[in-house]
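See below for the structure under consideration.
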Amino acid sequence: MTIKDADIQKLSEDLYSWALRKVPEDTKRALANAREKESSETARRTLNMMLTSAQRAEDGDTFVCSDSGVPVYFVRIGTKADWNANIKSAIRAGFDHLVETIQPPLLKHVTNPMTNERSYAGRHMPIITYDLIEDADYIEIVCSPKALGSGRWAAMELFTFPTLETIETYILDVAIKAGAQHCPPVVMGVGIGGTFDFSTKMAKEQTLREIGSVNPDPQVAEMEKRLFEAVNALGYGPMGTGGDTTVLGVHVDFAAGHGFTPVAVAFNCWINRRTRARIYSDGHVERLE
Amino acid sequence: MDTFPNIQLPMSRETAESLKLGDMITLTGPIKATAGMPTHQRILDFIDEGKQIPIDLVEAAFFHLGSYSRDAEGGMEVLYMNPTTSTRFNHMMPKIIRHFRLRCVGGKGGLNTACAEALKEVGGVYLSFLGGGAPLHSKAIQKIEQVAWTDLVSHYRLVAMDVAELGPLTVAIDAHGNSLYDNLDRSAQERRDQIIEKMNQTRAR
């Protein structure tokens, strides 16, 4: 068997719909853990509301948030996968079909930046990036619908031979600037080094990492822990109305570069929309989250 | 879920002035909602031109809520609603708050000091909604009274509805000019250098 257009179309549509209705399990666990540790009553109650909202969306098969965001997909093609599909147009067809059929219907969030007109389609929509997985016999697709609430606060800056103190201070300042705005507690993704474009891609991909996963590089793992404690010490708390839990995780990746070092920071709000699945060459689909 | 005091709308100035930062309440009664920047602009234009807006906002509870509305038998229905970021409207809200003497405003993310000042003048509060709370907020809708400016996309429309036990909502700016957002920003700024120092010490080990 071969992976076909229809398989990609169906899966990209399903991934989006799942992302709108289900808060990932690791995220619910992290919210529940935070609720146990919070010293603020308002924060505990707010975390409780979050868990209730997540549960009711699942039980009622409805959306957690009204802002369904814009479609963002990461496609990773196994180099040993057997496929014959126009992946880009299949994903676009999947989103078009989703818009026509999904219940409840989506609000119009796709915005033309030249006119601020809103619709369900636009230039370069859905936003898709492609990568390869060596030796894999499947295509993996991640869907991460991105909305204004947290999308707005991502930031990047370029430094020249920065020290770790400079890098971490910048990341802390980005967290201060986002403050109460991005529906905390958030997942923070950081990309250090590489080039302008590559650093932001790393930051975005790090927001998609499992909460609680430990970076295999001990120096980076320490940085993640340090930043996690630092950002939570700011005190913004759930929904930015005060508390000990502003981030659920800080995930860092880095790449070698020249002496100019970009540092990029991205956020996922507490509902942490992300879904991931693989289509194997024999046609079966494995939903990972 | 925990239980919270329920306040009947319209809210009196006395009740608004009795609310304290961090209080969590629910609301029952009429509210008005929109999530649109063009809607706010239109409200401002109507104020400037001395025109009556189609949904009265005087001393109202006016919230930054995006909703999916559509035609249904016997009027409009709202399928779901959820807050949007209020700070986007910072530059527009002081005039709207003062003109209509808004008693409650709300959404998520808060409003700035100039808005808190306007709220203090008119005896109004800012209430923080749970973002990602569509299942909770939507179930509070009892009746859609009116959907105005249907030439706009759904979440930009101005909607008047009756709600029951909407919330819980957190009092984040009180009627006396105090703001959780300002307080938390200030304390984060005050803690910043100390946090950086602690990071440096941890790194050095």
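Given the residues A:201, A:225, which is the only one that is open to solvent by 20 Å² or more (accessible area, probe 1.4 Å), part of a helix (DSSP H, G or I) and away from chain B (no Cβ under 14 Å)?
Working: A:225 fails: away from chain B (no Cβ under 14 Å).
None of the others qualify; the one that does is A:201.
Just to be sure, is residue A:286 surrounded by fewer than 21 Cβ atoms within 10 Å (Cβ to Cβ), within 13 Å of another protein chain (Cβ to nearest Cβ) and on the phi < 0 side of the Ramachandran plot? Step through it out loud before you land on a result.
Details: surrounded by fewer than 21 Cβ atoms within 10 Å (Cβ to Cβ): yes; within 13 Å of another protein chain (Cβ to nearest Cβ): no; on the phi < 0 side of the Ramachandran plot: yes.
The answer is no for residue A:286.
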Considering (1) under 16 Å from residue B:80 (Cα atoms); (2) facing chain A (nearest Cβ under 9 Å), say which one residue B:168 fails and leave the rest.
-> (1)
So residue B:173 clears everything in (1) surrounded by 15 or more Cβ atoms within 10 Å (Cβ to Cβ); (2) within 10 Å of chain A (Cβ to nearest Cβ); (3) over 30 Å from residue A:110 (Cα atoms) except one condition, right? Which one?
-> (2)
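Within region A:173-187, which residues are touching a helix residue (DSSP H, G or I) at 6+ places or on another chain (Cβ under 7 Å), at negative phi and crowded, with 20+ Cβ neighbours inside 10 Å?
Within region A:173-187, the subset touching a helix residue (DSSP H, G or I) at 6+ places or on another chain (Cβ under 7 Å) is A:175-176, A:179-187.
Filter once more, so that each one left must be at negative phi: A:175-176, A:180-182, A:184-187.
Those that are touching a helix residue (DSSP H, G or I) at 6+ places or on another chain (Cβ under 7 Å), at negative phi and crowded, with 20+ Cβ neighbours inside 10 Å: A:175, A:180, A:181, A:182, A:184, A:185, A:186, A:187.
Do we have residue A:46 as of a type in the set (Ser, Thr, Tyr), within 14 Å of another protein chain (Cβ to nearest Cβ) and assigned to a helix (DSSP H, G or I) here? Lay out the reasoning, then the answer.
Numbers: of a type in the set (Ser, Thr, Tyr): yes; within 14 Å of another protein chain (Cβ to nearest Cβ): yes; assigned to a helix (DSSP H, G or I): yes.
Answer is yes for this residue.
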Do we find a residue being buried (at least 24 other Cβ atoms within 10 Å of the Cβ), part of a helix (DSSP H, G or I) and of a type outside the set (Val, Ile, Thr) anywhere in region A:256-268?
-> no
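When you look at residue B:159, is it among the hydrophobic types (A, V, I, L, M, F, W, C), surrounded by 24 or more Cβ atoms within 10 Å (Cβ to Cβ) and within 16 Å of residue A:237 (Cα to Cα), yes or no?
Details: among the hydrophobic types (A, V, I, L, M, F, W, C): yes; surrounded by 24 or more Cβ atoms within 10 Å (Cβ to Cβ): yes; within 16 Å of residue A:237 (Cα to Cα): no.
So residue B:159 does not fit the description; no.
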Condition set more than 23 Å from the chain's Cα centre (by Cα), of a type in the set (Asp, Glu) and over 23 Å from residue A:65 (Cα atoms), scope region A:106-165, selection surrounded by the fewest Cβ atoms within 10 Å (Cβ to Cβ): answer is A:134
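Restricting to region A:129-188, count the residues that are without any contact (Cβ under 8 Å) to a residue 12 or more places away in the chain and either assigned to a loop (DSSP other than H, G, I, E, B) or among the small types (Gly, Ala, Ser) (or both).
The first filter runs over region A:129-188 and keeps only residues without any contact (Cβ under 8 Å) to a residue 12 or more places away in the chain, leaving A:163, A:165-166, A:169, A:173.
If we keep only those that are either assigned to a loop (DSSP other than H, G, I, E, B) or among the small types (Gly, Ala, Ser) (or both) as well, we get A:163.
Number of matching residues: 1.
The values are calculated or read from the model by the stated rules, or taken from the named source; none is laboratory data. Predicted, not measured: the structure shown is a model, and the values here were computed from it. Here Cβ is always computed from backbone atoms with ideal geometry, including for glycine, and neighbour counts include all displayed protein chains. In case anyone asks, the SASA skips ligands and DNA or RNA and just uses the protein heavy atoms, side chains included. Shrake-Rupley method; radii C 1.70, N 1.55, O 1.52, S 1.80 Å.
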